[in-house]
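Computed from the coordinates by the stated procedures, all read-outs in this text should not be read as laboratory data. Please read all numbers here as calculations on a predicted model, not as lab measurements. Note that each Cβ is placed from the backbone with ideal geometry, even for glycine, and that neighbours are counted across all protein chains shown.
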Amino acid sequence: MNPSAVLPPLPDPERRTWLLATAGAGGIAAVGAATPLVASLAPSERARSQGAAVEVDIGDIPAGGMKAVEWRGKPVWILRRTPEMLASLQALAPRLADPGSQRDDLQPALRNVGRSSRPEFLVVIGICTHLGCSPSFTPAGGERPAPDADWPGGFFCPCHGSTFDLAGRVFKNKPAPTNLEVPPHHYLGDARLLIGEPGPT
């Protein structure tokens, strides 16, 4: 049998050069076309910044005062509670739907009366757990009208009447199904708070 009848003829050197050049140009074009596509799939700078942790100076919050910051497009409230505010939390358990925060996905250390790692500070997302409205901070004896005659102070959602105490715990028989959400956070020092990252374990 003649081997030349079975094997295809080898391309001439000039044809081989053109084939290699065409394949190389095609590969470069494919990489060039794919690069913008792959880059467009990566999160934008704005998206990265919205998901980033937020460092907050809490040293300027007066006793009984509150500061609001934004994290991931949500309002986060930082309330500096007075000793009187903290004392009022103890007696509210019978009036609350979930006083021990058992329905919350929290660190076990935050399942306490104040729902905080530092009793003085409450850190919660300021969005009602019913339909996403924004409650108002309504301290006892404040300028805003109290939702109840014996109002101990807390947060009131005027949209559908949900009320939360000064630990963000929802009162019984209200539309909101759960307590206000506590975002992951930890303290960097006496006056610095980092929202968006849990503390070291």
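Summary of values
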| quantity | calculated |
| --- | --- |
| Cβ-based exposure ranking for 66, 85, in which fewest neighbours within 10 Å come first | 66, 85 |
| Size of electric dipole in the stretch 130-201: Cβ of Lys, Arg +1 and of Asp, Glu -1, about Cα centre, debye, nearest 20 | 140 |
| Surrounding net charge for residue 125, when Lys and Arg each add one and Asp and Glu each subtract one, Cβ distance under 13 Å | -1 |
